[in-house]
Amino acid sequence: AQRVTQPEKLLSVFKGAPVELKCNYSYSGSPELFWYVQYSRQRLQLLLRHISRESIKGFTADLNKGETSFHLKKPFAQEEDSAMYYCALFPRGGSEKLVFGKGTKLTVNP
Amino acid sequence: DAGVIQSPRHEVTEMGQEVTLRCKPISGHDYLFWYRQTMMRGLELLIYFNNNVPIDDSGMPEDRFSAKMPNASFSTLKIQPSEPRDSAVYFCASRDRGRTGSGEQYFGPGTRLTVT
């Protein structure tokens, strides 16, 4: 069965500090991984996908197939990064559903 | 494109009343998903459609919930009768399978439902 685990429900850092939001997955095939962000009372928006290997708002994420991880990183957190972050897995060749983690609420303190 | 559109944005109703949530997917998208988000349970997939046909409704909580997609540009999620535990934010999302088969979904702004 496919599963996405985000071990931290809450993460609090100070402005300017590095931040890493952890995501581990279980899937035997070749997945497509995403990070979605949800600012307070807004819609979920795509932040990153592993295929594009781009950096958005200073965030990067690398797919590590050996460790089955897709951690989200930013070297210098900003207050406007405070939001809920969801890691999601798409099991290519399997179900058409996205499998979401439970989410990590990031708070960046001034 | 205006993105995925949902209405109403907020709904307050009394227990026992019927509630209908509406969604307009992005034009050309062939998949539509309904999710429910609560503090306790996080984001849950309720049902999804492909080309207007319901494919998987295993996430629908009980018979009080029903969803339809009469055409490619409109879907409804109905709760009848509503209960206080149905209070949540309901999101609609759509997806274009396209050439790449990417799983990326585009979310609407959500409907915040409060049942008193």
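Filtering segment A:70-110 to residues that are surrounded by 20 or more Cβ atoms within 10 Å (Cβ to Cβ), charged (D, E, K, R), at pLDDT 95 or above and under 18 Å from A:Leu44 (Cα atoms) leaves only A:Asp81.
Only residues that are surrounded by 14 or more Cβ atoms within 10 Å (Cβ to Cβ), aliphatic (A, V, I, L, M) and over 12 Å from the mean Cα position of the chain (by Cα) were counted across segment B:1-39, and they come to 2.
Are any of the residues in segment A:1-24 more than 20 Å from B:Tyr106 (Cβ to Cβ), of a type outside the set (S, T, N, Q), open to solvent by less than 80 Å² (accessible area, probe 1.4 Å) and within 12 Å of chain B (Cβ to nearest Cβ)? Checked against the condition, which is being more than 20 Å from B:Tyr106 (Cβ to Cβ), of a type outside the set (S, T, N, Q), open to solvent by less than 80 Å² (accessible area, probe 1.4 Å) and within 12 Å of chain B (Cβ to nearest Cβ), segment A:1-24 yields no hits at all.
Residues that are over 27 Å from A:Thr5 (Cβ atoms), in a loop (DSSP other than H, G, I, E, B) and either modelled with pLDDT of 95 or more or among the β-branched types (Val, Ile, Thr) (or both) do occur in segment B:52-70, at least one of them. Taking the criterion of being polar (S, T, N, Q), within 13 Å of another protein chain (Cβ to nearest Cβ) and part of a strand (DSSP E or B), would at least one residue in segment A:48-58 satisfy it? No: zero hits.
Can you name the residue in segment A:32-41 that is aromatic (Phe, Trp, Tyr) and within 11 Å of the chain's Cα centre (by Cα) and is also nearest to A:Ser95 (Cα to Cα) among such residues? By that ranking, first place goes to A:Phe34. Where residues in segment A:42-69 are over 26 Å from B:Pro109 (Cα atoms) and under 15 Å from the mean Cα position of the chain (by Cα), which of them is most open to solvent (accessible area, probe 1.4 Å)? Among those that are over 26 Å from B:Pro109 (Cα atoms) and under 15 Å from the mean Cα position of the chain (by Cα), it is A:Arg53. Restricted to segment A:25-41, and to residues that are within 14 Å of chain B (Cβ to nearest Cβ) and not in a strand (DSSP E or B), which residue is least open to solvent (accessible area, probe 1.4 Å)? Per the criteria, the residue is A:Pro31. The set of residues in segment B:74-113 being touching a residue at least 40 places away in the same chain (Cβ under 8 Å), open to solvent by 60 Å² or more (accessible area, probe 1.4 Å) and either polar (S, T, N, Q) or part of a strand (DSSP E or B) (or both) consists of B:Phe74, B:Lys78, B:Gln80, B:Tyr106, B:Arg112. Residue count for segment A:51-79 under the criterion of being closer than 15 Å to A:Val37 by Cα and free of Cβ contacts under 8 Å to residues at least 24 places away in the same chain: the result is 4. Taking the conditions exactly as written (over 11 Å from the mean Cα position of the chain (by Cα), surrounded by fewer than 17 Cβ atoms within 10 Å (Cβ to Cβ) and among the β-branched types (Val, Ile, Thr)), does B:Val53 satisfy them or not? When the stated conditions are applied, B:Val53 passes them.
In this structure, does A:Gly93 turn out to be within 11 Å of chain B (Cβ to nearest Cβ) and assigned to a loop (DSSP other than H, G, I, E, B)? Yes. Looking at B:Gly59, B:Gly101, which one is within 13 Å of chain A (Cβ to nearest Cβ) and within 21 Å of A:Gln45 (Cα to Cα)? Of the residues listed, the single one that is within 13 Å of chain A (Cβ to nearest Cβ) and within 21 Å of A:Gln45 (Cα to Cα) is B:Gly101.
The values are calculated or read from the model by the stated rules, or taken from the named source; none is laboratory data. Source: prediction; values computed, not measured. Neighbour counts run over all protein chains shown; Cβ positions are idealised from the backbone, glycine included. Please note that ligands, DNA and RNA were not included when accessible areas were found on the heavy atoms of the full protein model with its side chains. Shrake-Rupley method; radii C 1.70, N 1.55, O 1.52, S 1.80 Å.
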